[in-house]
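Okay, structure first, notes after.
Values quoted throughout were computed directly from the atomic coordinates according to the rules given, and no laboratory measurement underlies them. Predicted model, so just to flag it, every value in this text is computed and none were measured. Note: ideal-geometry Cβ built from the backbone for every residue, glycine included; neighbour counts use all protein chains shown.
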């Protein structure tokens, strides 16, 4: 199969965003012998035209000039270029690129990967939300298949658009040997700190988590990994400046160091409504998880995590969690097992390939029936 991936800023991904999923899928498809191309921003840090057998197509991205709205133009430039290329399947990530779905030739199978319902996120203003809502409608309308790694998004899309949605879980890398080198850089002691990793945004409920830490009687440290140079990052640093045990250490992109911080932590907190790559990575790192209580998170974790909905619950957890490895070892082991048996990339890639083969077979069968009908009509005439 000739497969093209659009809707990402490019691979290889260095920031552990949803591009990470596109990167592993592309590499997995290429390893299976398929011809894979991925669109990348022209100023992506990796400028070669090929990466691990994957063709990289660099397209102008005006983000450096006009900010986040640039995705509207960047996606258009990608689809405009795509019209002149030959492929069997196009996989588009996220709904925003769906605004241009109609540009694809009719003989190309379009698969939309919609993990989150972007237009509902509170971080967007009204105009952006309406744009994302329209893009979602167009993506669903012109797609031959919709896939999602979120049970919540699957249910929403099926209910709203009355269309089939294929659930394929997210994959995650296995965790290598754990060492304490990552702790030394922050002078941390094993299981004497709690941890948050992610962007410092309201929908991640970082303020709720830190409020709970301040309310608790815990004497441990709380390490916040994420860019704190943003407006909300500066606000949080100022708000908790009276609590020196809360430490904002900035962004970390070294996976081994992140895995180390997770493994040796007391609790890793996760505040989003839906699972993301960060949650799956934490599951694989064999750490105790406390996550915001939502149906999507519970679908993935079940009883194998602690849950919170307010700061008081966070405070109670911090005060009561002692001797993690013995008390919560079953929860930790169960999550680690899930990443091997369910959220393993080899399993996830096989599911993608089976689904893409099904779409190709269905198209060919439909074309065969159409050709036979046309032949009969000509014969009758």
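Before moving on, here are some points about what is shown:
- Inverse of mean 1/r across different Cα pairs in the chain, Kirkwood, Å: 22.4
- Normalised per residue, the volume of the convex hull around the Cα set of region 1-147 (Å³): 105
- Selected from 333, 81, 61 as most flexible by GNM, with the chain as the system and alpha-carbon contacts under 10 Å: 81
- A simple spin-label model places the labels of residue 144 and residue 307 4.0 nm from each other, with each point 7 Å out along Cα-to-Cβ.
- Length gained on full extension, residue 293 to residue 316, computed as 0.36 nm times the residue gap minus the Cα-Cα distance: 6.8 nm.
- Remark: spin-label model distance residue 256-residue 229 equals 2.6 nm, labels positioned 7 Å along the Cα→Cβ axis.
- Efficiency of FRET between residue 166 and residue 2 - r from beta-carbon atoms, R0 22 angstrom, step 0.05: 0.60
- For q = 0.10, 0.15, 0.20, 0.24 Å⁻¹, Debye-computed log10 I/I(0) when each Cα of region 226-334 counts as one equal scatterer: -0.31, -0.73, -1.26, -1.49
- Of 136, 238, 173, the one that fluctuates the most in a GNM where the chain has Cα springs shorter than 10 Å: 238
- Crossing angle, helix 345-380 versus the chain [Cα axis fit, 0-90 degrees, rounded to tens]: 20
- Sorted by Cβ density within 10 Å, fewest first, the residues 121, 258: 121, 258
- The convex hull built on the alpha-carbon positions of region 278-351 has an orientation-averaged projected area of 5.2 nm².
- Rounded to 10°, Cα long-axis angle of helix 151-161 versus longest principal axis of the chain: 40
- The stretch between residue 241 and residue 106 holds 42.8 nm of extra length on full extension. This uses 0.36 nm per residue minus the Cα-Cα distance.
- Between the Cα long axis of helix 329-341 and the first principal axis of the chain there is an angle of about 20°, rounded to the nearest 10.
- Rounded FRET efficiency, nearest 0.05, which uses the C-beta distance separating residue 60 from residue 362 and R0 of 22 Å: 0.05
- Here the translational diffusion coefficient of region 197-259 follows from Stokes-Einstein with Rh set to the Kirkwood radius across Cα pairs; for 10 °C and 1.306 mPa s it amounts to 130 µm²/s.
- Computed across region 89-128, the Kirkwood radius stands at 11.5 Å (inverse of mean 1/r, all Cα pairs).
- Cα centroid separation, region 229-287 to region 103-155 (Å): 29
- Neighbour-count order for 42, 191, fewest beta carbons within 10 angstrom listed first: 42, 191
- The share of C-alpha pairs in region 165-316 whose separation exceeds 27 Å stands at 18 percent.
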